[in-house]
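So the structure is just underneath, and the comments pick up after that.
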Amino acid sequence: MKIAIVVPCYNEEPILATTAETLLHLSDEIYHRHGAEVCLFFVDDGSKDRTWELISHYAQRDNRIHGIKLSHNRGHQQALWAGLEKVSAAYDAAVSIDADLQDDENVILEMIEKFRSGKDIVYGVRRERKTDTLFKRWTAQAFYKFLKWLGGDVLYNHADFRLMSRRAIEALLDFPERNLFLRGMVYSLGYPYDVVLYDRKERMAGESKYPFRKMVSFALDGITSFSVRPLRFIVYLGAIFMFVALAAILWGIVMWLRGTVVPGWASLLVSVWFIGGAILLAVGTIGEYVGKIYSEVKRRPRYFVEQEI
Ligand code: UDP
Ligand code: MG
């Protein structure tokens, strides 16, 4: 049995050494426990620091380590895709894990056990979100709930830490879309799955590559092309207009309490701002979808590989 571990890396210079050591150590254990050969695939997502030099260095020292360097920063999801595409043909299963090893790498042993008992997909699911900031915890939870409410199906508290069998990866790679939201796409495959629970650790070094801006963009399923960005501004503008309408309502009430009212003034003001805001929001929402159609229709390549080792 051959198993690949795919690790997307963006500016991970401070932690790459530890990650490589830890995963190699784990690979030995997997070999002893399951008799499976393990290879590590580091996908450098266009890092600006010495990430690629480190990957090359390790790849030369240990032939279980492989590296793929994307020519440009394409984002976590695309980097993961590039890795999966690379390993799909030659491996029986692939595990994806973040470079910072916040997800407990030791449960990979458990994942492989479940894979051997016939599951195609094994999801890593976090028990609690103790190590996240309050803000990230709340926004993430609100996002999962909102998505579910909108009809999107994802596994609660599962990020991109999972094992997939070859057949599951091949099915995933059949998805033609460019806007990737892997955890939702994989969940929609429907093959037999199981979950393993783990506690998420603190990032060991370096900082999160998902600042608020990236989180929002990921949540809105990343419309990155600048030509569709104006559409998003319409949505923001609509929200601001709605807010002004709210302010106008409060203002009207204050004026009314003071007794200095001009009849009809408040209701007119409120309606104008409210209707304006509602229309802009609606147009903007349609714009989001049109923008998405636009970027899918272009069928641009997902990424370019600059180097491989
Ligand atoms: N990452 C990437 N490209 C990006 C941003 C992030 O490949 O543009 C990788 C990053 O190196 C890490 C993983 O995606 O391996 C998750 O990022 P991070 O740990 O910073 O996110 P967080 O845990 O804070 O959500
Ligand atoms: Mg992290």
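With a length cut of 30 Å (Cα positions projected on each helix's long axis) and a Kyte-Doolittle mean of at least -0.5, go through the chain and give me the DSSP H helices that pass. List each step's numbers first, then the result.
Values: long enough: 13-34 (31 Å, -0.28); 229-258 (44 Å, 1.67); 265-297 (48 Å, 1.27).
Long hydrophobic helices here: 13-34, 229-258, 265-297.
Let me check against my output: what whole-number percent is the relative contact order of the chain, with C-alpha pairs under 8 Å and at least 6 apart?
Working: 483 pairs, mean separation 65.0, N = 309.
Computed over the chain, the figure is 21 percent.
Checking a compactness column here: for the stretch 1-153, what do you get for Rg(Cα) / (2.2 N^0.38 Å), N being the number of residues? Can you show the working numbers first?
Working: Rg = 16.4 Å, N = 153, 2.2 N^0.38 = 14.9 Å.
Cα Rg divided by the expected 2.2 N^0.38 Å: 1.10.
Throw me the Rg/Rh for the stretch 1-71, computed over C-alpha atoms with Kirkwood Rh, two decimals.
Numbers: Rg = 12.1 Å, Rh = 12.2 Å.
Using only Cα positions, Rg/Rh for the stretch 1-71 is 0.99.
Scan the stretch 1-53 for trypsin sites (Lys or Arg not before Pro) in coil per DSSP, keeping those whose Cβ has at most 12 other Cβ atoms within 10 Å, and list them by number. Walk me through the numbers on the way to the answer.
Details: sites: K2, R33, K48, R50; in loops: K48, R50.
Of the trypsin sites (Lys or Arg not before Pro), the ones in loops of the stretch 1-53 whose Cβ has at most 12 other Cβ atoms within 10 Å are K48.
Go through M204, W251, S217 and say which Cα lies farthest out towards the positive end of the charge dipole of the chain; charges sit on Cβ, +1 for Lys and Arg, -1 for Asp and Glu.
W251
Taking the stretch 87-117, which GluC sites (Glu not before Pro) meet the DSSP loop condition and have no more than 15 other C-beta atoms within 10 Å?
Working: sites: E105, E110, E113; in loops: E105.
Sparse-neighbourhood loop GluC sites (Glu not before Pro): none present.
So, how do all the Cα-to-Cα distances of the stretch 151-221 break down into 10 Å bins, in percent, from 0 on up?
Reading upward from the zero bin: 14, 44, 34, 8.
Could you compute Rg(Cα) / (2.2 N^0.38 Å) for the chain, with N its residue count?
Ratio of Cα Rg to 2.2 N^0.38 Å: 1.21.
Would you mind checking the pairs K114/K209; K2/K114; K2/K148 and listing those with alpha carbons more than 26 angstrom apart?
From the list (K114/K209; K2/K114; K2/K148), the Cα-Cα distance tops 26 Å for K114/K209; K2/K148.
Just to confirm the filter: which trypsin sites (Lys or Arg not before Pro) across the stretch 81-181 are DSSP coil and have at most 11 other Cβ within 10 angstrom of their Cβ?
Details: sites: K86, K114, R116, K119, R126, R127, R129, K130, K136, R137, K145, K148, R162, R166, R167, R178; in loops: K119, R127, R129, K130, R178.
Answer by residue number: R127, K130.
Taking θ as phi - 60°, what are the ³J(HN,Hα) couplings along the stretch 180-187 by the Karplus curve (6.51, -1.76, 1.60), each to the nearest whole Hz, with x for Gly and Pro?
For the stretch 180-187, the Karplus curve yields 9, 9, 4, 5, x, 5, 5, 4 Hz.
Over the chain, with the other protein chains present, what is the accessible area per residue in square angstrom, probe 1.4 angstrom?
Heavy-atom SASA per residue in the chain reads 52 Å².
Report, ordered by chain and residue number, the aspartates and glutamates lying within cross-link reach of K201, taken as a straight Cα distance under 14 Å and ignoring same-chain residues fewer than 8 apart.
Reachable aspartates and glutamates: D98, D100, D103, D104, E105, E128, D132.
Probe radius 1.4 Å, ligands and nucleic acids ignored: give me the carbon and sulfur share of the accessible area of the chain as a rounded percent.
Answer for the chain: carbon and sulfur cover 62 percent of the accessible area.
The values are calculated or read from the model by the stated rules, or taken from the named source; none is laboratory data. Not measured: the values here are computed from a predicted model. Counting neighbours? That spans all protein chains shown, and the Cβs are built from the backbone with ideal geometry, glycine included. Only protein heavy atoms, including side chains, enter the accessible area calculation; ligands, DNA and RNA are left aside. Shrake-Rupley method; radii C 1.70, N 1.55, O 1.52, S 1.80 Å.
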